[in-house]
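Read the structure below first, then the notes.
The values are calculated or read from the model by the stated rules, or taken from the named source; none is laboratory data. The model shown is predicted, which means the values in this text are computed figures rather than measured ones. Positions of Cβ are generated from backbone atoms using ideal geometry, with glycine treated the same way; all protein chains shown enter the neighbour counts. Areas reflect the complete protein model, heavy atoms only, side chains present, ligands, DNA and RNA absent. Shrake-Rupley method; radii C 1.70, N 1.55, O 1.52, S 1.80 Å.
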Amino acid sequence: MLEEVGTNDQGDMIINVGPQHPSTHGVLHLVITLNGETIKKVEPHLGYIHRSIEKMCESLSYRQFIYVTSRMDYLSSHINNHGCALCVEKGMQIEIPTRAQVIRVLMDELTRLASHLLWWGALAMDLGAFTPFFYSFRERELINELMEDTCGARLTMNYIVPGGVMMDLHPDFQRKVKEFLKLFKSKIHEYDDLVTGNIIFQNRTKGVGYISKEDAISFGCTGPTGRGSGLSCDIRKLYPYEIYNQLQFDEVIETSGDSWARYKVRVGEMVQSMHIIEQLIDNIPEGEFQAKTKAVLKLPKGDFYTRVETARGELGVYIVSEGGSTPYRIKFRSPGFSNLSALDHMSRGGKIGDLMATMGTLDLVIPDIDR
Amino acid sequence: MGVTSLLILTLAAIVFSAGGILVSKIFVKGTENIQKGQAYECGVPTVGQTWLQLNVGYYLFALIFLIFDVELVFLYPWATVVKEIGWMAFIDILIFFFILFLGFLYAHKKGALKWM
Amino acid sequence: MISLEGLTTLLQAWLHDTLGEPWAFAAQSVLVGIAAITLFAVLGLALVYMERKVAALMQIRLGPNRVGPKGIFQTSADTLKLVMKEGLTPNGADKFLFNLAPFMVMIAAMLVLAPIAFARNFQIWDLSIGVLYVAAISSVAVIGILMAGWSSNNKYSLLGAMRSAAQIVSYELSAGLSILAIVILTGSLRISDIINSQADGWWIIKGHIPVLIAFIVFLIAVTAETNRAPFDLAEAESELTAGFHTEYSGMKFALFFLAEYINIFIGCAIGATLFFGGWMPFHISGWDSFNHVMDFIPSSLWFFGKTMFLIFLIMWFRWTFPRLRIDQLLNLEWKYLLPISMVNLLIVTFMAIMGWHL
Amino acid sequence: MTKDELKIKFESLQEGLNFEEGTEWLTIPVESEGFKKFALLLRNDNELQFDYLFCLTAVDWKTHLSVVYHFSSTVFRHEVVIKVKIDKANPIVDTVCEIWRTAEFHEREAYDLLGVEFVGHPDLRRLFLTPDHEGFPLRKDYEDPINMIKL
């Protein structure tokens, strides 16, 4: 791995960014070939945080393995759990009570909101503005508190079990969510004032890290990265799960394909998530929060695939079952992995500063890529 | 105080900097470790030459700066007497700036101001 | 704050009476040296503390509040920490240049202090080409930065140094042109003349719109020349980890850090002198009783007040704006600021000849 | 196209295809010979247009390996699953990374963890593990005396 680091014949500078770098958000290691300040090649070196979750899952039961997946994309851990639980439920053909479905979707959207808020602050930080980070964390903290009340954890919620959710909502949940929404609505204009309308920010992101729609499809870019290129790829709209087909929300699509488009998509998604929460918070149906399931879950022989929309894109869960109480083989198709593979394509010909903007708007979470 | 003040200030700066470094030398007990001497590159050892020829983009700006800065120095004595000379000085500077502007346009057209 | 006015003349007279000519001069020199070093240390600590409090203000948090009342000793504690750190020199570095670089930066920062008038009659050397001297010496700092980046034998440092060189020399031009605008109006390069010319109103007020434009250009150029965000490309931490001082640690790093803050102070002091009248109180011609009231405020307070206001502006920039990209940074200078300040200079010349500024 | 329509379409395209029963999406097991041609057909046929490879993985079946491709079409929104059976001793399959560029990383992952050799891949190296690592962790016969979790 190390022999290639250095310089090559054309006088290009080969430089390491990461694994210990302020803007790689974790232990991503990029080897960049530079000519002056212009990027000629970006090569990701992965594996610094690879825990082989897929192998671990092979020895865990269908109830246990869900919790391991919280550690993949830790910013949307609840949605990871959701995807896994859906896959098990699909195999077992478990009917989920409506209340559980609503709770799951509510939590999904809160998680997405929290994840996007963190991304928003971190992107501004990548571009050299520190202050937005504190503004977004002010609101994110409230979501974390909501999560803590109900799930008992702030980041790795582990709230979903096959058949529903682990326990009922906290009695204060509805009131607190409404309070949060009210506050968030009054604060969201600050985001536009601080970052969106800033001319330097616009110049730093417009036309940077461009990827066309065709390339986005070919590279398997999903989530805001794909939608920024005009690719309709919201799993919640295309292949609705739970109660998403009964909800009113828009799939935010931008067509310019650059970092600015991805920024706009994510900011738009925050608003859409807020709308979804608003629709659901007063309409949580009464009833069971968990379906009756057997103590030991056994999936029939065969393979099962489900997709959910995490904050970063399409998460696929592929379970191959031999009929036992543990999966025979499990594969997570993580959104970050495919998005990262397009990084080289997107950042060639740009400057080092552009690379940071591109990486920031891809919203990479390294444990999601390394798994 | 005159020119000596510059000497005094230089000395003060040296005393201040050297004093700080010396004090820290006295207090600090250094430890030996091969890793400490390595260049920092995000925790990965650097291989290859650092002192290599860089893209010409950086130097072009330095050259254009040199031209403009020399012109700028000529402006200082002019600026002190503008009010006394009056309109003649204004016409002078118009010609001066016109030539400078032509040079600027030339550099711009040649792409010297486009960052490589 | 005690007024510094006349302190120097008093001291000078007393020294002459007691010690005699050669010794009095020696004592004076030592005093100036000590005063400069003290100013350096105090300014460094105060400005770092101020920066952190301003940052906290912008970022809805408290800032340092543990060491001492309101955390005022936090920066002293930090300095102490840096003193106790080992100063490392990387293996492949050019050791001579590597160790020389912090000295260069410090000497450049210290030398610019000479012509600055801190209060009425409180100036180390009122030389006849004061403004030109400041413009010349303040750009010596770039040599120190270039030295540091080049000698570190680190790729980030090298890139940071290169960026910084391209950036500082570029912004030098528009800074110089906006200084020239005031020189044209004043007709002198001497700092004391420039201040005295503002006795009936500061240039920013009586200079109309062209001076305002010159001031804005000057402020941007100062921010860029001191490598402050949004122009901190030389040490862009999200791109080059720490840029030109990546390899510096301990006291040598502290010197770079200190020099940065001193340079901000100097830039703002020059800005305050040129556009806000330095120590000159706020005067409006014709309002004699009002002017008398203003004169009661010590001149040193006026000077530091104005300088701190400008420093606050520059800190405000830092905590609000994202960083520019290197090509955008140079575009801003060469395609916008330079032409604007050239045209502005012509307008100022026209104004001066027509006598509208009076 | 629905699953049944797809089935008819595939039968008309290529002789001798068999289909797995009881799956959500149309699942076609194929042999590794001629897979590249088949993949090009999937991508380029006007009625199929499977332009989006959303999952690529391999499964160790102890006796043999199978590489599983999940394809989707962003135009017609239909899916197909292709399973390529390959020999465990000689795990060779043609690369598809010039057709679907996302395969470049996914194939490297499959090579790294399951030891599938993708012929024609431009840069087939270990992705997560160090270059000197021995064995392929996701294979069922992989033994690591230190780091294994066993229940």
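Please compute P(r) over all alpha-carbon pairs of segment D:23-65, binned at 5 Å starting from zero, and give each bin as a whole-number percent. It works out to 5, 15, 20, 32, 18, 6, 3, 0, in whole percents. Modelled label positions at D:ASP4 and C:SER76, each set 7 Å beyond Cα in the direction of Cβ, lie 8.7 nm from each other. Packing order of peptides D:80-89, A:156-165, C:282-291, C:339-348, highest average first: A:156-165, C:339-348, D:80-89, C:282-291 (average count of other Cβ atoms within 10 Å over each peptide's residues). Ranking A:VAL296, A:MET270, A:VAL88 by how far each Cα lies toward the positive end of the dipole of segment A:50-370 (charges on Cβ) leaves A:VAL296 at the top.
For segment C:92-354, compute the orientation-averaged projected area of the C-alpha convex hull (one quarter of its surface), in nm². Mind showing how you got there, number by number?
Working: hull surface 56.9 nm².
Averaged projected hull area, Cα only: 14.2 nm².
Each principal axis of the Cα cloud of segment B:4-109 was taken in turn, and the coordinate range along them, longest first, works out to 70, 44, 16 Å. Taking a ≥ b ≥ c as the square roots of the eigenvalues of the Cα gyration tensor, an a/c ratio of 1.5 or more together with a/b no larger than b/c marks segment A:153-212 as oblate. Our summary of shape: the Cα atoms of segment A:179-278 have principal axis extents of 40, 37, 13 Å, ordered from largest down, in whole angstrom. Calculated [222 nm] ellipticity per residue, helices only, for chain A: -14000 deg cm²/dmol; basis is -39500 (n - 2.57) per DSSP H run with n ≥ 4, divided by all residues, nearest 500. In units of the compact-protein estimate 2.2 N^0.38 Å, segment C:138-223 shows a Cα radius of gyration of 1.43.
Think of chain A as a dipole: +1 on every Lys or Arg Cβ, -1 on every Asp or Glu Cβ, centred on the Cα centre; then among A:ALA311, A:LEU181, A:ILE66, A:ILE66 lies furthest on the positive end.
For segment A:50-370, the Cβ-based charge dipole about the Cα centre amounts to some 500 debye (Lys, Arg positive; Asp, Glu negative; other atoms uncharged).
Mean partner shielding of peptide D:102-114, defined as the number of other chain Cβ atoms within 10 Å of each residue Cβ, is 4. Only the Cβ atoms of Lys and Arg (+1) and of Asp and Glu (-1) were treated as charged; on that basis the dipole of the protein assembly as shown about its Cα centre amounts to roughly 1180 debye. Segment C:56-92 and segment C:207-263 have their alpha-carbon centroids 19 Å apart.
Just add up the charged neighbours of D:TRP100: K/R +1, D/E -1, any other residue whose Cβ is under 12 Å from the Cβ of D:TRP100.
Details: positive: D:ARG43, D:ARG101; negative: A:GLU214, A:ASP215, D:ASP51, D:GLU98, D:GLU104, D:GLU107.
It works out to a net charge of -4.
Working value for segment A:186-230: equivalent-ellipsoid semi-axes of 27, 14, 6 Å, each the square root of 5 times a Cα gyration tensor eigenvalue, largest first.
Taking Cα centroids, how far is segment A:118-167 from segment C:271-302 in Å? Between the Cα centres of segment A:118-167 and segment C:271-302 lies a distance of 53 Å. Per residue of peptide C:174-187, the mean number of Cβ atoms on other chains within 10 Å of the residue Cβ is 4. Using every pair of separate Cα atoms, the Kirkwood estimate puts the hydrodynamic radius of segment D:3-90 at 13.4 angstrom.
Which whole number in µm²/s is D for segment C:226-358 by Stokes-Einstein, with the Kirkwood Rh taken over Cα pairs at 20 °C and 1.002 mPa s? Intermediate results must be reported in sequence, preceding the final value.
Numbers: Rh = 18.1 Å.
Result for D is 119 µm²/s.
Sorting the Cα pairs of segment C:1-154 by distance into bins of 10 Å, from 0 upward, gives 9, 23, 30, 27, 10, 1 percent per bin. Which residue, chosen from C:MET294, C:PHE276, C:ILE340, occupies the Cα position most advanced towards the positive end of the dipole of segment C:92-354, where the dipole is computed from +1 (Lys, Arg) and -1 (Asp, Glu) charges on Cβ about the Cα centre? Farthest towards the positive end: C:ILE340.
Ignoring ligands, DNA and RNA, how much accessible area is buried between chains B and C, both sides summed, with a 1.4 Å probe, to the nearest 100 Å²?
Details: alone 10930 and 17530 Å², together 21940 Å².
Looking at B and C, the buried total is near 6500 Å².
Taking only the Cα atoms of the protein assembly as shown, the radius of gyration and Dmax are 33.5, 116 Å.
For segment A:50-370, what D do you get in µm² per second when you plug the Kirkwood radius from alpha-carbon pairs into Stokes-Einstein at 37 °C and 0.692 mPa s?
Numbers: Rh = 19.9 Å.
So the translational diffusion coefficient is about 165 µm²/s.
Would segment A:257-297 count as rounded, prolate or oblate if I go by the C-alpha gyration tensor, calling it rounded below 1.5 in a/c and otherwise prolate when a/b exceeds b/c, oblate otherwise?
Oblate, because a/c is 1.5 or more while a/b does not exceed b/c.
For chain D, the spread of Cα positions along the three principal axes, ordered from largest to smallest, is 51, 33, 25 Å. The dipole here belongs to segment A:240-341: it is taken about the Cα centre, uses +1 on the Cβ of Lys and Arg and -1 on the Cβ of Asp and Glu, and is about 740 debye. Mean per-residue shielding of peptide A:301-310 is 3, counting Cβ atoms of other chains within 10 Å of each Cβ.
Whole-Hz Karplus values for segment C:228-238 come out as 9, 4, x, 10, 8, 5, 5, 10, 3, 6, 7 Hz, taken residue by residue from phi with 6.51 cos²θ - 1.76 cosθ + 1.60 and θ = phi - 60°; glycine and proline positions read x.
Can you classify segment A:41-135 as rounded, prolate or oblate using the Cα gyration tensor, where a ≥ b ≥ c are the square roots of its eigenvalues, rounded means a/c under 1.5, and otherwise it's prolate if a/b beats b/c and oblate if not? In terms of gyration-tensor shape, oblate. Ignoring lysines fewer than eight residues from A:LYS206 along the same chain, the ones with Cα atoms less than 19 angstrom from its Cα are A:LYS264, A:LYS351, B:LYS114. Average 1/r across all pairs of distinct alpha carbons in segment A:58-100, invert it, and you get the Kirkwood radius: 11.0 Å. Look at where the Cα atoms of segment A:319-363 and of segment C:181-203 average out, and the two centres are 62 Å apart.
Considering only the Cα atoms of segment C:66-160, their convex hull presents on average a projected area of 9.5 nm². What lysines could a cross-link reach from C:LYS85, if we take a straight Cα to Cα line under 27 Å and drop same-chain neighbours fewer than 8 places away? Within the straight-line limit of under 27 Å, C:LYS85 reaches these lysines: B:LYS25, B:LYS29, B:LYS36, C:LYS53, C:LYS70, C:LYS95, C:LYS155, C:LYS252.
Across chain A, the relative contact order, built from alpha-carbon pairs under 8 Å that are at least six residues apart, equals 26 percent. List the aspartates and glutamates whose Cα lies under 16 Å from the Cα of A:LYS331, skipping any in the same chain that are fewer than 8 positions away. Answer for A:LYS331, where 16 Å is the Cα cut-off: A:GLU54, A:GLU58, A:ASP73, A:ASP303, A:GLU314, A:GLU322, A:ASP368, A:ASP370, D:ASP60, D:GLU107, D:GLU109, D:ASP112, listed by chain and number. Only helices enter the 222 nm calculation for chain C: every DSSP H run of n ≥ 4 contributes -39,500 (n - 2.57), and dividing by all residues gives -22000 deg cm²/dmol, rounded to 500.
Ranked from the most accessible area to the least, with a 1.4 Å probe and all protein chains present, what is the order of A:ARG333, C:ARG61? If you can, show how the numbers build up before the last one.
Working: A:ARG333 0, C:ARG61 100 Å².
Putting A:ARG333, C:ARG61 in descending order of accessible area: C:ARG61, A:ARG333.
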